[in-house]
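Following: one structure in structure tokens, then a few remarks.
Values quoted throughout were computed directly from the atomic coordinates according to the rules given, and no laboratory measurement underlies them. No experiment lies behind these values; they were computed from the predicted model shown. All Cβ positions, glycine included, derive from the backbone under ideal geometry; neighbour counts span all protein chains shown.
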Amino acid sequence: MATHEHFIYDDDQCKFVPVAYGKSERYLHTFSIWLVSSVIFACIGLAVLSQNVGTPAELALKAENQILTSHLENTKTSILTLEEQLDGIAEMDSKMYRSVLGMESIPEEKREPGIGGADIYSEFELYSEDASEILKWTASRIDNLERRINVQKMSFDEIQNFYNDNQERLKHVPAIRPLEGILLSGFGMRVHPVFKYKRMHSGIDFRADIGTHLFATGDGVVKYAKRNGNYGNLLIIDHGFGFETRYAHLSGYADGVRVGSEVKRGDLVAFSGNTGLTNGPHLHYEVYLNGDAIDPLNYLFADVTPEEYLMYQEIAKNNPASMD
Ligand SMILES: [Zn+2]
């Protein structure tokens, strides 16, 4: 065939003439074309494969990267949990300790120091986009946690000093739960269980079987211990420093509890019941400061963890009805 012929210039004839190849020369020619094509295809194939699959060393690195990335993802979850716990501590710090002690709360901007400029984490830009993003995130959140913990630590030191200077007052401030029990309803506007319309619920309700032990929440003097209309059997303790606590719907009073008797925080003072206007056995507990009813949830600080405090707030917020 014409395409397989090769030509050579013949000086004698002054023109190109076909080269006459021997059989072996033709085989060699065909074979060399196959060889060159195979090498080219093999090189292209390897290049494509190495991009998508990689050498054994690259595969090992890839696997290691995946493990590190998943560790970083786990760290991210731990950081978010820590941040949540710190939120609980900070909220308890300002809403309970500081407000109860009459100390000024820490300004929000001091608690949430701005995250440093993006530049300080630019060293991570060496890595792939995904890795650099998660490394920057982790580093900045840890720095932020560290700053917030320092602010919290300073605040607790300050509270400790205040406590040392005000121990007498603090023995009297209501500061513990009046019983071991589950919170049913919070302070504020609530649907009344009997009247079925919204009205001010000036205390908090705890689930309590009849006869459950009730304790004084701060040192004080019994001011009232008898029946009182819708409150049923009522106990009022005057704690001094403007504080008063009320226990309603009682089934009875502890031995020796009568008007004028002195009580210490943690003393057994009464038994819960179902007297007066109620929707079932429970304890209705009120805290007054200078004659005004205030939210008792902020006066449980001596025996409530930050987690419990947040849980109580959640229950109080989400339960629209009271037991009264
Ligand atoms: Zn109530």
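State whether region 199-299 is rounded, prolate or oblate according to the following rule on the C-alpha gyration tensor (a ≥ b ≥ c being the square roots of its eigenvalues): a/c under 1.5 gives rounded; otherwise a/b larger than b/c gives prolate, and the remaining case gives oblate. Show your work: numbers first, answer last.
Numbers: a/c = 1.57, a/b = 1.11, b/c = 1.41.
Taking the square roots of the gyration eigenvalues as a ≥ b ≥ c, region 199-299 is oblate.
Using a 10 angstrom Cβ neighbour count of at most 16 plus a DSSP loop assignment to flag exposed trypsin sites (Lys or Arg not before Pro), which longest range of the chain is free of such sites? Each step should come with its number before you reach the end.
Numbers: sites that count: K196, R258, K264.
Answer - 1-195.
Placing +1 on the Cβ of each Lys and Arg and -1 on the Cβ of each Asp and Glu in the chain, which of N298, G232, L80 has its Cα farthest towards the positive end of the resulting dipole?
G232
Which GluC sites (Glu not before Pro) does region 104-166 hold that lie in a coil by DSSP with at most 14 other beta carbons within 10 Å?
Values: sites: E104, E108, E109, E123, E125, E129, E133, E146, E158; in loops: E104.
Here the sparse-neighbourhood loop sites are E104.
Sorting H249, H284, H192, H71 on the 10 Å Cβ count, fewest up front, what's the list? The partial results should precede the final answer.
Values: H249 26, H284 29, H192 17, H71 10.
By the 10 Å Cβ count, ascending, the order reads H71, H192, H249, H284.
Roughly how many debye, to the nearest 20, is the charge dipole of the chain about its Cα centre, given +1 on each Lys and Arg Cβ, -1 on each Asp and Glu Cβ, and no other charges?
Details: 30 positive and 46 negative charges, 363 e Å.
Around 1740 debye, computed over the chain.
Near the amide H of S185, under 5 Å away, which other amide H atoms are found, from residues 5 or more places off or on another chain, if H is placed in the peptide plane?
Long-range HN contacts for S185: D205.
Under a Cβ-Cβ cut-off of 15 Å, what is the net charge of the residues other than D219 that fall near it, where Lys and Arg count +1 and Asp and Glu count -1? Please list the in-between numbers first.
Values: positive: R169, K171, K223, K264, R265; negative: E168, D238, E244, E262, D267.
In short, 0.
Working from Cα positions, state the angle (0 to 90°, nearest 10) between the long axis of helix 306-318 and the longest principal axis of the chain.
80
Return the Cα extents of region 21-84 along principal axes one, two and three, sorted largest first, each rounded to a whole Å.
Reported extents, whole Å, longest axis first: 87, 15, 6.
Can you list the residues, at least 5 places off or on another chain, whose amide H is less than 5 Å from the amide H of N233, using H built in the peptide plane?
Residues meeting the amide H criterion: N228, H249, L250, T275, G276.
Could you derive backbone 3J(HN,Hα) for region 168-184 from the dihedral phi with the Karplus parameters 6.51, -1.76 and 1.60 (θ = phi - 60°), listing whole Hz in sequence and x where the residue is Gly or Pro?
Once θ is set to phi - 60°, the couplings for region 168-184 become 5, 4, 5, 5, 8, 5, x, 9, 10, 6, x, 6, 8, x, 8, 6, 9 Hz.
When the Karplus curve 6.51 cos²θ - 1.76 cosθ + 1.60 is applied with θ = phi - 60°, which whole-Hz ³J(HN,Hα) does each residue of region 226-234 get, with x for Gly and Pro?
7, 5, 8, x, 5, 5, x, 5, 10
Enumerate the amide H contacts of T217 below 5 Å, restricted to partners 5 or more residues apart or on another chain; note that Pro and chain-start residues carry no placed amide H.
Sorted by chain and number, the residues that satisfy this are G266.
Please give the Cα centre distance for region 57-108 versus region 302-324, rounded to the nearest Å.
23
Give the cross-link partners of K136 among the lysines, using a straight C-alpha distance below 28 Å as the criterion and excluding same-chain residues fewer than 8 apart.
Result set, ordered by chain and number: K62, K76, K110, K153.
Calculated from DSSP H runs of 4 or more alone, at -39500 (n - 2.57) each and per residue, what is the 222 nm mean residue ellipticity of the chain, nearest 500?
Working: 6 runs with 127 residues, N = 324.
My calculation for the chain gives -13500 deg cm²/dmol from helical runs alone.
Would you mind calculating the gained length between Q152 and E308 on full extension (0.36 nm times residue separation, minus the Cα-Cα distance), in nm to one decimal?
54.3 nm
Quick check: convex hull of the Cα atoms in the chain, volume per residue, rounded to a whole Å³? Let's see the in-between values first.
Details: hull volume 92.1 nm³, N = 324.
Looking at the chain, the number lands at 284 Å³ per residue.
What does the charge count near D238 come to, summing +1 for each Lys or Arg and -1 for each Asp or Glu among other residues with Cβ under 12 Å from its Cβ?
Numbers: positive: K223, R246; negative: D219, E244, E262.
Residues close to D238 contribute a combined charge of -1.
What number comes out for the charge environment of I120, summing +1 per Lys or Arg and -1 per Asp or Glu over other residues with Cβ under 10 Å away?
On the way: positive: K136; negative: D119, E123, D143.
Neighbourhood net charge equals -2.
Could you tell me what percent of the DSSP beta bridges with both partners in region 183-318 are antiparallel, to the nearest 5?
On the way: 39 of 39 bridges.
Antiparallel: roughly 100 percent of the beta bridges in region 183-318.
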